[in-house]
Every structure is written in C-alpha cells, then in structure tokens.
Amino acid sequence: MEMKVETNWIELWQGSHSFKNVPHKHEDWMQVTLPIKGTVHFTQEERSYGLKQGNGLLQPPGTEHHFYLGEQSSVIIIKVRERGDGGMESMQPHFMAGAGQDIRQEFHTGDMIGRFRQWMMALIEGQALADPIAVQEVEQDVLAYLGGMLKLGQKELLPPGINDPHIRRALTYLHDCYDHTINIEELAGIALQSRYHFIRSFREETGTTPYQYLLRLRITEAMNRLRRSDSTIGQISVDLGFSSTSQFHRAFLKMTGVTPQAYRQQ
C-alpha cells in the first residue's frame, strides 16, 4: 500500500506491507526514511541497514539506495529539495545534506505519525482548493521539523563574556565532543595551559568546573532525546558518554529534579 503527496519543494510518502523498490538516487532531493512499524531493510551506497521503528536514515542527494518492507512493516519517507528558497538551504545558507549531520536519525514514532497525517490532509485540501498559502505552510512546517531533527541552527552557543581565547577553544571542543570520553589533560592541552591553571581559569570564566559544564551539555541533550526519540534510557546514557545508566540517572536527577523516566512521561 502506498500514499503520496508532493509539491514543488517537498514529497511525503508512506508505504507498507511487502513494498520493494529498485536501486535509485535523487540528484536534487534530500530524503529521510522513517520506519514507523516493524523493520525496513535498507541499502544505501552498498551498505545494509536494518532500520527499526524510531530509527531513521538520511539520504543526501545523489546517494544510491533501495529498500524492502516485510508484511507487518510501514515507513514514512520525506523528501525535500536541497537548494532554493523553499528547500533546506532556506533553513541554513549553503546547506549540504550529510555534511556535519549523522545519517542515523532518531525520532518519536507517535509524533511522526501524527504530523504526517496532518501534513497529508492539509496538502490534499490545499491542492484541491488551489490554496498556495495552505500548501506553503505545510512546506515550512516540514522544513522546520527536519531542521530540528538535523539540529540546524540549534547548536548551543558558548556562554557570553568568555574573554580568554584559550578557554574559548576548550569550550568549543566541549560543545562539539561532549558525547565522547573527555579528560582534563585533553582540555588543558587544547587551552595550552597546565591542568591546575586550566581548572582555575575555566571556573573564573564560566562560573563552574569543566566536569559540571560537561554534565550540563550531556543532560541538556538527554532531555531533547527523551522528548523526541524512542531510544531507551540505557541507550541514551551510552550515546552521551556516561559510564553507566546509574551515573546518568544520578546526574539527571540532580540537575533536573526528576528522573529520566519521569521527565519522559511529563
């Protein structure tokens, strides 16, 4: 079974129940494949992925791909033009899909299903009534959703008032690599300072310790993932560099006042 609606700038498609296509590519379109039920057996540039519910995959323009669905599987595909005033470039100048973004993208299944239905109904109605404003509103909503998924324009800014260029370099590294294992010696080396001098300078510039700053970055991202993805708390803990789920639980509770489970249910 297939459903499809397209405009000049976006295409929405849903398929299910034993669908299969042949290898192909889209030269001008970025695609995001979002399984909403079962498993999508996906091949991209000769690499195979077993995409399960809630685990999406980005296809930059020109990427060869194909997939097939089992009888109990369903997938939503969103395509957006990369260039032009109505494409992803409107979200970020000189946008290039796959450059700086992870091709694996997590999403909240229930939220995606609800959005997709609303988009489809609004587009069908807008096209039937020849109402360009209604269609353009959906196009912009789809762009905004994908921009949020790819974190366009959402990178957390460095705190204001950081005058020490050495500390700024260390902070930039923390913001870029907070999900990796990071130690004080590494940060002090980036700042061209001794360990002792770096910890003191960092506290003077930011008002907190390097470790507490790192925890804040990780917990902030954990809050985003708890809201927008179906990943388990254990998986989020591992992905964000915590040594254990219990460490993540303690840090989250201390910083937010609630447990990760309670935050997800709010």
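If only residues of region 1-21 that are part of a strand (DSSP E or B), of a type outside the set (S, T, N, Q) and farther than 24 Å from residue 133 by Cα are counted, the one that is modelled with the lowest pLDDT is 2. The residues on offer are 115, 104, and the sole one that is closer than 22 Å to residue 7 by Cβ and either crowded, with 18+ Cβ neighbours inside 10 Å or touching a residue at least 12 places away in the same chain (Cβ under 8 Å) (or both) is 115. Could you please find all residues in region 198-254 being hydrophobic (A, V, I, L, M, F, W, C) and closer than 15 Å to residue 174 by Cα? Selection gives 198, 199, 202, 214, 215, 217, 219, 240, 242. Which of the residues that make up region 68-94 are assigned to a strand (DSSP E or B) and within 18 Å of residue 142 (Cα to Cα)? Within region 68-94, 75, 76, 77, 78, 79, 80, 81 qualify. The listed residues are 97, 130, 134, 122, and the only one of them that is assigned to a loop (DSSP other than H, G, I, E, B) and at pLDDT 90 or above turns out to be 130.
Conditions tested, residue by residue: (1) among the polar types (S, T, N, Q); (2) at pLDDT 95 or above; (3) not in a loop (DSSP other than H, G, I, E, B).
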position	(1), (2), (3)
30	no, yes, yes
41	no, yes, yes
101	yes, no, no
110	no, no, yes
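Taking the conditions (1) surrounded by fewer than 12 Cβ atoms within 10 Å (Cβ to Cβ); (2) outside any strand (DSSP E or B); (3) not charged (D, E, K, R) in turn, residue 26 satisfies each one other than (1).
The values are calculated or read from the model by the stated rules, or taken from the named source; none is laboratory data. Just so you know, these numbers come straight off a predicted model, no measurement behind them. Note that each Cβ is placed from the backbone with ideal geometry, even for glycine, and that neighbours are counted across all protein chains shown.
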